[in-house]
Amino acid sequence: MSVPTSIPVPAVPTGPAARLRWTVADAWTITGRALAHWARQPGQVVLGLLFPVMVVLMMGYLFGGQMRVPGGGDYRAFIMPGMFAMTMLFGIETTFAAVATDTQRGVTDRFRAMPMAPSAVVAGRAVADMLHSAVSLAVMVVCGLAVGWRWHDGPGAALAALALLLALRFGLVWVGVYLGLVAKGPESLVAVQILVWPVSFLSSALAAPSTMPGWLGALAEWNPLSATVTACRELFGQTVPGGGSWAAEHALELAVAWPLLLVLVFAPLSVRRYRDLDR
């Protein structure tokens, strides 16, 4: 009996419909791989979910007594929409670390050697991180309810606000994927953290821009995070302090535009970078 010396490589599908099915199937395989990793590391996942909760407790109970919300109101309720958005921003670190680790260990090179759709690897990573972010957001909503935060304009508006938060995360996923592909390794995560924290604090997440110096408040109001936070506060029926600028008055439009812009810029860059990794 003869033994085959090679394994036949499946042909790349032709035709738009066949290529779309091929891409979706490959992307779901990558998503399943990420979910399997999280199932084997539950402690790490739980710690990641609880970190934003710790920030809420620290800001709300340790420092909240000294904070005053312009227009009145409870500070813990005020910061919850901001913490929802910050949780979406913190997720960029998870995306970056996963992509950079796979690249450094040669896993990405093995994927590229397989008959896989080039966009499937980065798309699968994006889907997995969006599932993780949805769980993180659910945990934060429970945390907010526990510390006294409530929505006041009905479940429809609240769901719209949560959709804006997930849209922000989707845009940031592609930023994380691209940075992970261009990084030298996961040790570059420190550089990402140095960027994430100033972006989160230089926004309306934890303090009203009206309480900041003029030039600093203007920067904070144009922060993509601020657009989502302000729009969510409006949809949740909370008082939005200050807000006489164009950015504050059009926060809802900007909360849609910023994530869309991030996807349009960084998704193609991520796919192109994935294709050109060996160059």
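The values are calculated or read from the model by the stated rules, or taken from the named source; none is laboratory data. Keep in mind that what you see is a predicted model, and the values were worked out from it rather than measured. Cβ placement follows ideal geometry from the backbone for every residue including glycine, while neighbour counts extend to all protein chains displayed. When the accessible area is computed, the model is the full protein with side chains, heavy atoms only, and any ligands, DNA or RNA have been set aside. Shrake-Rupley method; radii C 1.70, N 1.55, O 1.52, S 1.80 Å.
What ratio of Cα Rg to 2.2 N^0.38 Å holds for the range 157-279?
Working it through for the range 157-279, the quotient is 1.18.
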Inset, instruction - Would you mind working out the accessible area per residue for the range 199-279, using a 1.4 Å probe, and quoting it in Å²? - result: 49 Å²
Legend entry - Calculated FRET efficiency for the pair Val199/Met67, C-beta based, R₀ 25 Å, to 0.05: 0.75
Legend entry - Approximate shape of the range 87-244 as ellipsoid semi-axes (Cα gyration tensor, √5λ), whole Å, largest first: 33, 19, 12
Legend entry - Relative intensity, log₁₀ I(q)/I(0), of the range 86-143 from a Debye sum that treats every alpha carbon as a point, q = 0.18, 0.29 Å⁻¹: -0.68, -1.18
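Of all the accessible heavy-atom surface of the chain, with the other protein chains kept in place and a 1.4 Å probe, what percent is carbon and sulfur? The partial results should precede the final answer.
Numbers: 9680 of 14170 Å².
On the chain, the fraction of accessible area on carbon and sulfur atoms equals 68 percent.
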Legend entry - Helix-only [θ]222 nm of the chain, DSSP H runs n ≥ 4, -39500 (n - 2.57) each, per residue, nearest 500: -24000 deg cm²/dmol
Inset, instruction - Once you have the Cα-Cα distance between Val46 and Arg150, take 0.36 nm times their residue separation minus that, and quote the gain in nm to one decimal. - result: 35.0 nm
Legend entry - Radius, Kirkwood style, for the chain when every pair of distinct Cα atoms is counted (Å): 20.2 Å
Inset, instruction - Work out the charge dipole of the chain with +1 on the Cβ of Lys and Arg and -1 on the Cβ of Asp and Glu about the Cα centre, then indicate which of Val69, Gly156, Leu261 is farthest towards its positive end. - result: Leu261
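How long is the gain from Arg105 to Ala160 if the chain were fully straight, where each residue apart is worth 0.36 nm and the alpha carbon distance is subtracted?
Working: separation 55, 0.36 × 55 = 19.80 nm, distance 3.97 nm.
Answer, rounded to one decimal: 15.8 nm.
What whole-number value in Å² describes the accessible area per residue of the range 44-121 for a 1.4 Å probe? Provide the component values of the computation, followed by the final result.
Numbers: 3510 Å² over 78 residues.
With the other protein chains kept in place, the range 44-121 gives 45 Å² per residue.
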Inset, instruction - Take every Cα-Cα pair in the range 152-223 and report what % of them are more than 18 Å apart. - result: 58 percent
Inset, instruction - Just report the Cα centroid separation between the range 85-100 and the range 206-251, whole Å. - result: 23 Å
